[in-house]
Amino acid sequence: MQPYEIIGAPLTLWLGPVGTAFPLIDAAPDVAWVKVGTSGDRNYSDEGVTVVHSQNVEQARPVGSTGPVKAWRTEEDLMIRLTLWDLTLEQYAAALNDLAVATTAAGAGTAGFKEIGLSQGQDVATYALLARGVSAYGDGFNAQYEVPRCYQAGNPELVYVKGVPAGLELEFTALEDLDAGTDAERFGRVVMQHQAALP
């Protein structure tokens, strides 16, 4: 619905192994991509998904001037944040360094169960991240953030209380892709469909 450029819709996230090919803008993610949240954005808190572009800029301010005359960017980050209302162990594991989920089948007189450990270890798991939403160029068109390398940097604090969903605060922080085709794509890219495919 016009105006297309005003977007009021959520993003849905998927994780894949680093090096996973990103889907074409009008194609569904393949099986290598695992949806964040069993039901995708229907498992995200109503705060939605936040995309953060942060930076640190240093300025040169000469003694004879009141204003800066030059600036240098010394740091930049890309972070994608959400609170996940899905405590299945498959989703919980992604919050805790991609831990393996162990499954024990039910037996005679014993219940089946799943489990993960609670210690994350020294190494940090990395992922490719796909965040898909709507395009600013037309109805039914997709937009997607394609982050080739990231890790889960959030510190989930689960609160179990009556009447309020317990949530995992996730923050996926981009790492530079040293194989990026251009410096502008070191953290990946955002792609928006602007036309339908030709017949």
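The values are calculated or read from the model by the stated rules, or taken from the named source; none is laboratory data. Source: prediction; values computed, not measured. Methodologically, a virtual Cβ is constructed for each residue, glycine included, from the backbone with ideal geometry; neighbour enumeration extends over all protein chains shown. When the accessible area is computed, the model is the full protein with side chains, heavy atoms only, and any ligands, DNA or RNA have been set aside. Shrake-Rupley method; radii C 1.70, N 1.55, O 1.52, S 1.80 Å.
The table for this structure:
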item	result
Value of [θ]222 nm, deg cm²/dmol, for the chain, DSSP H segments ≥ 4, -39500 (n - 2.57) each, nearest 500	-1000 deg cm²/dmol
Estimated FRET transfer efficiency when R0 is 25 angstrom, pair Ile6-Asn155 (beta carbons, to 0.05)	0.15
Virtual paramagnetic centre 7 Å along Cα→Cβ of Glu90, amide N under 14 Å, in the stretch 104-145	114-115
Among Trp33, Tyr127, Thr173 the positive-end extreme of the charge dipole of the chain (Cβ point charges)	Thr173
Selected from Thr104, Leu24, Ser65, residue furthest toward positive end of dipole (the chain; charges at beta carbon)	Ser65
Gaussian network model of the chain, springs between alpha carbon atoms under 10 Å - residue of Gly109, Gly121, Gly40 with greatest fluctuation	Gly109
Listed residues Gly112, Gly67, Gly138, most fluctuating in the chain (Gaussian network, C-alpha, under 10 Å)	Gly67
3J(HN,Hα) from dihedral phi, the stretch 134-142, Karplus parametrisation 6.51/-1.76/1.60, rounded to Hz, x for glycine, proline	9, 7, 8, 10, x, 5, x, 8, 9
Within the chain, longest stretch free of exposed GluC sites (Glu not before Pro) [DSSP loop, at most 11 other beta carbons within 10 Å]	48-156
Computed E for Asp30/Ala184 - FRET, C-beta separation, R0 22 angstrom, nearest 0.05	0.25
Accessible area in square angstrom per residue, the stretch 49-199, 1.4 angstrom probe	63
The stretch 83-199, accessible surface, carbon-and-sulfur percent (1.4 angstrom probe)	53
Assigned charges on the beta-carbon of Lys, Arg, Asp, Glu; the stretch 61-125 dipole about Cα centre (debye)	400
Taking the stretch 1-78 and dividing mean pair separation by its residue count, relative contact order in percent (alpha carbons under 8 Å, at least six apart)	23
Rg ratio (alpha-carbon, reference 2.2 N^0.38 Å) - the chain	1.25
Dipole magnitude of the chain, debye to nearest 20 (Cβ charges: Lys/Arg +1, Asp/Glu -1, about Cα centre)	200
